[in-house]
Each structure stands twice: as C-alpha cells, then as structure tokens.
1. For a quick check of your reading of the filter: which trypsin sites (Lys or Arg not before Pro) in region 80-175 sit in a DSSP loop and have no more than 14 other Cβ atoms within 10 Å?
2. Using Cα pairs closer than 8 Å and at least 6 residues apart in sequence, work out the relative contact order for region 1-73, in percent.
3. Using θ = phi - 60° and the Karplus relation 6.51 cos²θ - 1.76 cosθ + 1.60, list the HN-Hα couplings for region 67-82 in order, rounded to whole Hz, with x at every Gly or Pro.
4. Along the charge dipole of the chain, pointing to its positive end and built from +1/-1 on Cβ of Lys, Arg, Asp and Glu, which listed residue (Thr37, Gly48, His9) has its Cα farthest out?
5. Nothing charged except the Cβ atoms of Lys and Arg (+1) and of Asp and Glu (-1): what's the magnitude of the dipole of the chain about its Cα centre? Round to the nearest 20 debye.
6. Please figure out what share of the DSSP beta bridges in the chain is antiparallel and state it in percent, rounded to the nearest 5.
7. Which is farthest toward the positive dipole end of region 102-232 among Ile129, Thr158, Val148, measuring Cα position about the Cα centre, with Cβ charges +1 (Lys, Arg) and -1 (Asp, Glu)?
8. Once amide H atoms are placed 1.01 Å from N in the peptide plane, what residues at a sequence separation of 5 or more from Leu14, or on another chain, have their amide H within under 5 Å of its amide H?
Amino acid sequence: RTFAAHGLHATVFLVTDLVGTDEVVWPDRLYLAFARTSAVSVDLPDLGLPRCALEGPGRKARAYATAVRALKGLPVAEKDARLVALLAALGRTAPEEPGDFRMLAWDEVDAMRREGRFGFAGHSTRHEILARMPDGQVAAAIGRSHEVVATRTGHVPTVFAYPNGRAMDFDDRARAALGHLGVRFALSTIEGFNDATTDRLALERISVGADLSFARFRLLTSGAVAMLRGRR
C-alpha cells in the first residue's frame, strides 16, 4: 500500500531457470537443510566445519554462515560436489520444500507487469556466481536469462543484477557479455551511492533488510552519509 501511495517503481531481477518451479537457489536450499536437520554435528574441515556441533538455532546459523561463505569461494563444479556432501552429512539429500523461499511463477510475473509498477530484468539462469563459472558458461548464463525475460515480458531489459554481487563475484567476461547484449547498467551489492563517475556496469546500492529502521533508511537515502564519507 505504501509502495503504491508514493508512486514508486521497482525492478525485479529473475533467476529465470527457477521461475515457476519448486527449486530454490542453492544457498537457500542449504539454509533450509541446516534449519531442518536432525543431525547433532557435522565434520567437514574443508568447509571450516571440523566436528561442528549443531544443537540449537544459534549453532546451526553460525555453521550455515561458515559453510555458505566457503562454498561461494569455490569454482561451480567443486561447489556442487561439496554441497552434495554437506547435504548428505545433514541428512537432507532430497529437495527441500521451499516454504518462504518459493520462486515467483510466470503468471505472477505477468500480473505484476500488468499492474504497472514492476519491471523485470535478468539475474542469471541459476544464480551461480559468475566469476566462479568456466569460460563459455558466463555468457550463456547472462544471455539466456536476458533473452527469457525479454520474451516473457515483451520488454528488452537494459539492466542486470550480478548474483551475490561482491566485487570478486563478477569479472570482465560478465561485462563483455552484458555489453554484447546492449545492457547499459549492472548492479553489484557493493554498498554506496552512485554518481557520474561510477562504473555503470558495477553500480553500488544501499541494502535494505528487515533490521533496517525507517529512520536509518531516511538517513542513508538523504545523501548525508555519502557526504560524510566524501570528507574522510
């Protein structure tokens, strides 16, 4: 209601292979596996989890954070193999019921598009970290996502959001693929403000989470924080 009252417009970035399915992106699947496991410990030192106790939500949350950070730093094929081993150790080899992580369906995308306040763009095909993908797969993941969004919505996107989005998560191969498609802007998850000097294929942003108060949101978006940082 507040969103519409202020006349705001939003862009939703789609992981196109997962739209309309019961699949979840792998970090969310891993989160659900840790949350629902009955295992009392795991012993995976190569992921930073040597003889790691899992009793209670706090220990599970810390173990998840350690594991997902380690997995994100691996090449995709190695990450996939380690993920399978970790899920087996947690006793969660079958796909998880997605719950709150359920993806949009294409009819929901269509309804949001017709409502007029939502645009759509690509976020890769399966949310793999582009810099960890082999040559050839980077352009395919970006290109297929871009083309599916264009076909499904009737609008060719001019913006893209990098999966994970840290500076280490995208590279010149991704930039080249976006340039070939005519994509003008790409979003990172690097926190900050943009100006005329900002790289248009590495735009920064302000993260908004459930723990961000409206007062702090107003402060961040006022530009005051950017001005203070500029004086340092």
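The values are calculated or read from the model by the stated rules, or taken from the named source; none is laboratory data. Just so we're clear, the structure is a prediction, and the values are computed from it rather than from any experiment. In this analysis, Cβ positions are derived from the backbone assuming ideal geometry, glycine residues included, and neighbour counts consider all displayed protein chains. For the accessible areas, the whole protein counts, side chains as well, though only heavy atoms, and no ligand, DNA or RNA atoms are used. Shrake-Rupley method; radii C 1.70, N 1.55, O 1.52, S 1.80 Å.
1. Here the trypsin sites (Lys or Arg not before Pro) that fit, given the DSSP loop and packing criteria, are Arg102, Arg117, Arg166.
2. Details: 48 pairs, mean separation 15.9, N = 73.
Computed over region 1-73, the figure is 22 percent.
3. 5, 5, 5, 5, 5, 5, x, 9, x, 4, 4, 5, 4, 4, 5, 5
4. His9
5. On the way: 31 positive and 27 negative charges, 165 e Å.
I would put it at about 800 debye.
6. Numbers: 3 of 14 bridges.
Counting only bridges with both partners in the chain, antiparallel ones make up about 20 percent.
7. Toward the positive end, the furthest listed residue is Thr158.
8. Placed amide hydrogens put Ala121, Gly122, His123 under 5 Å from Leu14.
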